[in-house]
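Since the structure comes first, as C-alpha cells, the remarks are kept for the end.
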Amino acid sequence: METSTSKSPRAASPSRTQALRFWERDPWSARLVVVMIALLIFFAAVRPQAFFSGRTWTSMAVQFPEFGLMALGVMVTMFTAGIDLSVVAIANVTAICTALTLRAVLTPEVSATNSLMAVAIALGTALVVGIVCGAINGLLIAKLKIPAILATLGTLELFGGIAIVLTGGKPVSGVPKAYGAVFAAKIGGVVPMALIVFILCALVAGALLALTSFGKEILMLGTNETAARFSGMKISSLLVRTYVMSGVLAAMAGLVMLANYNSAKADYGATYTLLTVLIVVLGGVNPNGGKGRLLGVLLSILMLQVLSSGLNMFSGISNFYRPLIWGAVLLFVITVNEMNIRNPLERFLPGRNKS
C-alpha cells in the first residue's frame, strides 16, 4: 500500500525539474546551452589533445572580450529596435587616442606611478571617446530622425576617417609598457585581464538592464514606440543614453584590443561588425526590438568563440571561410525568427500540421 509520502518512480529529481523550468522559461537560451554542449563534446572527441590544452582556453578568454563587449553595445541598441554598426570604428578611435595619449604622457618604464596613470588615462579616454561617439549616434537618431542603420553606417565611416587622419593609416605602436603590464596581465598567471574587463562590463550592463527603469524603458520603446510616447517617456533622452552606453562598451573593447595587439590601427577588427550582429540575433534579441535577454547574448558569445576556436584546430579550414559561415548562420537565424515558429521542421513532419 502506498502512502501519501511515497515518491512516484517517474517523479523528477530537483535538478531535472530546474532544467525543465529553465527550458520552459527561456527556451531560446536553453537551446543555446544544448548546442554549446554538443560543440564541446564534438571538438573534445575529434581533437582531444588540442581541445584540452590550457593554451586553447586561455586564447579563447583573451579573444572573445574584444567582440563580446561590442556585441553588448549592439544588444542594448537593438532592444530599442535600432542598431549600432559603428562599434568597431569607436573601438579603433578609442585605442588610437589612448595610445597617442599614453605615448605623450608616460615614459616607457613600468612603475607603480606609470601603471596607475596608464589605468586612469585609459579609462578616462574610453569614457570620453565612448560618450562623445555614442552621443553623436544618439542625437542623429533621436533628434534628426535618421534611421539607426543609416546613421551608424555613416558614423562608422566618419569615426573610421578620423582614425585614419590621426594615424595616417599606419599602426600606432610604441605603447608604454605600463599599459600592457595592467591590461595585458594575467591574474594568477591564468585569468587574462581582458576577461576580467568583460565580466565587469557584463555585470554593470546586466544591473542597468535588470535593476533600473532604463532597462524596462528601452524594451518598452522597442515594443511600441507610440505607446512609450503616450506613457510619458522621454524618447530622445532614452535613445541618446542607449547609444552612449553602446559607445562606452565599444570604447572598452578598444582598450582590450590595444592590450592584445600592443598597437592601434584604423582597420583592426573589420570583420567584427557582422559578427556582433550575428551574436546578438543568435542570442535571441529581436531585430525589431522589444525582446531579448543578456543571458542569451552571453551564451551566443561563448558558443561562437568555441566554434571559432574549434575550427582553428582543423588546418584544412581556411580563415577565409569564417565570414561565409557567420553570414549563413545569421541568415538562417533571422529567417527562423521571421517565420515565427517554435520548431522550423515541425511543419514538415507528418501528422503535425494543425492548420
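The values are calculated or read from the model by the stated rules, or taken from the named source; none is laboratory data. Bear in mind that the values here come from a model prediction, so they are computed numbers and not experimental data. Note that we place each Cβ from the backbone using ideal geometry, even for glycine, and neighbour counts take in every protein chain shown.
If you go through the stretch 263-303 and keep only what is aromatic (Phe, Trp, Tyr) and assigned to a helix (DSSP H, G or I), you end up with just Tyr272. Here Gly82 meets the list (1) small (Gly, Ala, Ser); (2) in contact with a Phe, Trp or Tyr (Cβ under 7 Å, 6 or more places away or on another chain); (3) touching a residue at least 60 places away in the same chain (Cβ under 8 Å) almost entirely, failing just condition (2).
On the basis of being more than 30 Å from Gly54 (Cβ to Cβ), crowded, with 20+ Cβ neighbours inside 10 Å and in contact with a Phe, Trp or Tyr (Cβ under 7 Å, 6 or more places away or on another chain), does Gly247 make the cut? It is false that Gly247 is more than 30 Å from Gly54 (Cβ to Cβ), crowded, with 20+ Cβ neighbours inside 10 Å and in contact with a Phe, Trp or Tyr (Cβ under 7 Å, 6 or more places away or on another chain).
The set of residues in the stretch 224-237 being assigned to a helix (DSSP H, G or I), at pLDDT 90 or above and farther than 25 Å from Val93 by Cβ consists of Ile235 alone.
Sort through Leu221, Leu255, Leu208 and tell me the only one that's part of a helix (DSSP H, G or I) and surrounded by fewer than 20 Cβ atoms within 10 Å (Cβ to Cβ). Checking each option against the conditions leaves just Leu208. Restricting attention to the stretch 140-196, the residues that are basic (Lys, Arg) and surrounded by 16 or more Cβ atoms within 10 Å (Cβ to Cβ) add up to 1. The set of residues from the stretch 141-154 being hydrophobic (A, V, I, L, M, F, W, C) and within 12 Å of Ser237 (Cα to Cα) comprises Ile141, Ala142. For the stretch 74-88, how many residues meet the condition of being assigned to a loop (DSSP other than H, G, I, E, B) and either β-branched (Val, Ile, Thr) or under 18 Å from Lys170 (Cβ atoms) (or both)? The total comes to 2.
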